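Asker: So that we are looking at the same thing, I have put the structure below in structure tokens.
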Amino acid sequence: MPAPLEGVRVLDLTNVLAGPFCCHQLAHLGAEVIKVEVPGRGDLARQLGADEALNERNMGVSFLAQNAGKKSVTLNLKSEKGRELLRRLVAGADVLVENYRPGVMQRLGLDYAVLKEVNPKLVYCAISGFGQDGPMRNLPAYDQIIQGASGVMSITGDADTAPYRVGYPICDTIGGLTAALAISAALNGRERNGGSFIDVSMLEATLATMGWVVSNWLIAGVEPQPHGNENVTSSPSGAFRTADGLLNIAANKQEQWEILCRELGREDLLQRDEYRTREGRKACRAALKAELEQTLAAKGAREWARVLNRAGVPSGAVFAIPDILEHPQIAERGMIAAFADVPGAGRDIRVVRTGFKLDGRAPEVAAPPPRLGADNDSIYGALGLSPAELAELKAEGVV
């Protein structure tokens, strides 16, 4: 079957993570994604990542992670010839995604008001830290800034460590997913409504995912607090030490608590008045955790997980990233894509795909992440530019 976005052309003017992650999702859904990059250096992510040799080749790990399946052209939008080339690309595109600071595209004469005259059906998506208006609109949009502003850091860690940063760029990623969702919806409604302007605020996108936490304040008037690895709504529910690592246990129901005690051979805890109810266990969670960890120290986390899950108590070992990536649950479901001898990188690479399946299959793209400007000749040639014209534009620094 055709992919859902087959035939859709996306111009990806984004850098680093939120925008590239958005367009990464669209590419896996079948869209043709053309990455429009600054001549000479391209997306900043090309110089980022743990492998210095790849950074020097302009194919950094951070770039490779989010750009498989895309094409790459170079274009200097500070040049009038470059802006004219972009307008010509827009005329044949369905979607444009950018993550410049608010106002930048307007100063370039390439904002939605201008480009919708070129293509009335254009879906234009602007991703920024705080949105296109409001008193914070011009502030920088780095992930950690948004983690702090959104309250994410204030509830991460425990009483001794919070505020604490989440261990990966969660706000960038949420912003990208939100943008991909909004773009897909806008494309679905385009025949009825025409083109549209999408304003994605990473701050608001992050707050939207914090419904339980935010609503404790908005509705119940209870200010959220950091609770480390503990689940504030129940006990015992959190991470517990075992013989060889941490074990997550979520005994959120009364019957799960009772089964847990029996499986651990700790029926004595069921007789303790302070542990009879959920609220009682929450009030005494530290003492209860210490009791349970005495018993859990007899076996390893994975062994306990097998025992407890079989009995009906939700449990799971805490994995390191290399361990979960090699686990059959991930390895056998097509989550990891492999590309051999990637041009520019000079080596094989493996990257993750998307987090969903379509009709039982993992969406995939055919091509690895592109070298900078790899598709200049084909994309600009299709606009009617001759090799001589392209050579002249390159000499002028336009492409």
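FYI, it's all coordinate maths here, none of it is from the lab. Quick caveat: nothing in here was measured; it's all calculated off a predicted structure. All Cβ positions, even for glycine, are placed from backbone atoms using ideal geometry, and neighbour counts span all protein chains on display.
Asker: What residues qualify as long-range amide H neighbours of Val123, i.e. H under 5 Å apart, gap of 5 or more or another chain, H built at 1.01 Å from N?
Answerer: Val95, Leu96, Ser196
Asker: Here is a follow-up. Under 23 Å Cα-Cα from Lys121, which lysines qualify once same-chain neighbours fewer than 8 residues away are excluded?
Answerer: List returned: Lys35, Lys70, Lys71.
Asker: Let me ask something else about it. Under a Cβ-Cβ cut-off of 14 Å, what is the net charge of the residues other than Ser386 that fall near it, where Lys and Arg count +1 and Asp and Glu count -1?
Answerer: Charge balance in the 14 Å sphere: -2.
Asker: Using all C-alpha to C-alpha distances in the chain, build P(r) with 10 Å bins and read off the rounded percent in each one.
Answerer: 4, 19, 25, 22, 15, 9, 4, 1, 0
Asker: Near Leu296, within a Cβ-to-Cβ distance under 12 Å, what is the net charge of the other residues, with Lys and Arg +1 and Asp and Glu -1?
Answerer: Its environment carries a net charge of -1.
Asker: Cα gyration tensor of region 321-369, axes a ≥ b ≥ c as square roots of the eigenvalues: rounded (a/c below 1.5), prolate (a/b > b/c) or oblate?
Answerer: Oblate, since a/c reaches 1.5 and b/c is not below a/b.
Asker: Around Glu37, which amide H atoms from residues at least 5 apart in sequence, or from another chain, sit under 5 Å from its own amide H, with H modelled in the peptide plane?
Answerer: Residues meeting the amide H criterion: Val73, Thr74, Leu75.
Asker: Which of the three applies to region 237-318, rounded, prolate or oblate, going by the alpha-carbon gyration tensor with a ≥ b ≥ c and a/c under 1.5 meaning rounded?
Answerer: Verdict is prolate for region 237-318.
Asker: Could you give the spread of the C-alpha atoms of region 1-83 along their three principal axes, from largest to smallest, in whole angstroms?
Answerer: 40, 36, 18
Asker: Among Leu296, Asn76, Met59, flag the residue with its Cα farthest along the positive direction of the charge dipole of the chain, charges on Cβ as +1 for Lys/Arg and -1 for Asp/Glu.
Answerer: Result: Asn76.
Asker: Divide by every residue of the chain the summed helix terms, -39500 (n - 2.57) for each DSSP H run of at least 4, and state the resulting mean residue ellipticity at 222 nm, rounded to the nearest 500 deg cm²/dmol.
Answerer: Using -39500 (n - 2.57) per qualifying helix, the result is -10500 deg cm²/dmol.
Asker: Got a sec to turn the phi values of region 80-92 into Karplus ³J(HN,Hα) couplings, 6.51 cos²θ - 1.76 cosθ + 1.60 with θ = phi - 60°, whole Hz, x for Gly and Pro?
Answerer: Values per residue, Gly and Pro as x: 4, 5, x, 5, 5, 5, 5, 4, 5, 5, 4, 4, x Hz.
Asker: How long are the three semi-axes of the equivalent ellipsoid of region 166-265, in whole Å, if each is the root of 5 times an eigenvalue of the C-alpha gyration tensor, listed from largest down?
Answerer: Details: eigenvalues 312, 54, 45 Å².
Ellipsoid semi-axes (Å, largest first): 39, 16, 15.
Asker: Then there's this: Pick from Ala362, Ala287, Ala91: which is most flexible by mean-square fluctuation in a GNM of the chain where alpha carbon atoms under 10 Å apart are linked?
Answerer: Evaluated over the chain, the most mobile residue of the options is Ala287.
Asker: Which of rounded, prolate or oblate describes region 49-170 when judged by the alpha-carbon gyration tensor and an a/c cut-off of 1.5?
Answerer: oblate
Asker: Between region 1-72 and region 278-319, how far is it from one alpha carbon centroid to the other, in angstrom?
Answerer: Value for the Cα centre distance between the two parts: 42 Å.
Asker: Work through the residues other than Glu332 whose Cβ is under 14 Å from its Cβ and net out their charges, Lys, Arg +1 and Asp, Glu -1. Please report the intermediate quantities before stating the final value.
Answerer: Working: positive: Arg333, Arg353, Lys357, Arg361; negative: Glu326.
Taking every other residue near Glu332 into account, the sum is +3.
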